[in-house]
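Okay, structure first, notes after.
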Amino acid sequence: MIRLSCVDLASTELESRARFLPWYRLVKGTLNGLVEELNEIDVMEYVSEGVLTVPVVGVGEERRPTPVVEVALPGDEATLAIVYRDAESLRHLKNLLHVSQTVELEGFSAAMRLLPAAFETRLLKKEFRGEGGFVMSRKYIACRVDGDVLQRLVEETGAMRSGGRRNIDGRSIYEAPATPVLQLVSVSVK
């Protein structure tokens, strides 16, 4: 009897992970060459806590830190996002703001302006030793994110990661270190 329950649980888990296969194919087809070629088993291994996390292929020989593409399927919606989770990838994104990258930053801003209003840029954080999930810290319409907004977001992620004392409305407040997540482009669809 117990053995049957374990088999049922494993079967249910595989079915829940298999829901992400068509979404992986959609992302792979849309991002043509920027997403790793994965077989079905590999795709299911990239599913954790109801989120498919697909690494973006690094560009050039250096294979610099890159964002990941996340697909979440809460209920009858799908949320797709290009996400910067770790300090390395955020540092690489910050390089876009350097004076020598003016042409690339203009291209980034032009690409963001082309996005429909349904796309958002979100900064989430999870409190230090927090039991809950991530909470929204900032949210922008993605088509309005330019170099200035990107600079603020990158600085704020660094401040969240380090924590410390800050002056807010003339008062000194201590904020514990938190784990930031920058969803540069995010959209939810039914």
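Bear in mind that the values in this text are calculations on the coordinates, not laboratory data. This is a predicted model, so every value here is computed, not measured. Methodologically, a virtual Cβ is constructed for each residue, glycine included, from the backbone with ideal geometry; neighbour enumeration extends over all protein chains shown.
Key figures
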{"item": "Per DSSP, loop GluC sites (Glu not before Pro) in the stretch 55-149 with at most 16 further Cβ within 10 Å", "result": "Glu61, Glu62, Glu77, Glu131"}
{"item": "Cross-link table Lys28/Lys125; Lys28/Lys139; Lys94/Lys126; Lys28/Lys126, entries beyond 25 Å C-alpha to C-alpha", "result": "Lys28/Lys125; Lys28/Lys139; Lys28/Lys126"}
{"item": "Cleavage-rule hits (chymotrypsin sites (Phe, Trp or Tyr not before Pro)) in the stretch 89-134: DSSP loop, at most 13 neighbouring Cβ within 10 angstrom", "result": "Phe128"}
{"item": "Of Val149, Thr53, Ile168, farthest towards positive along the dipole that unit charges on Lys, Arg, Asp, Glu beta carbons give the chain", "result": "Ile168"}
{"item": "Relative contact order (%) - the chain, alpha-carbon pairs under 8 angstrom, separation at least six", "result": "18"}
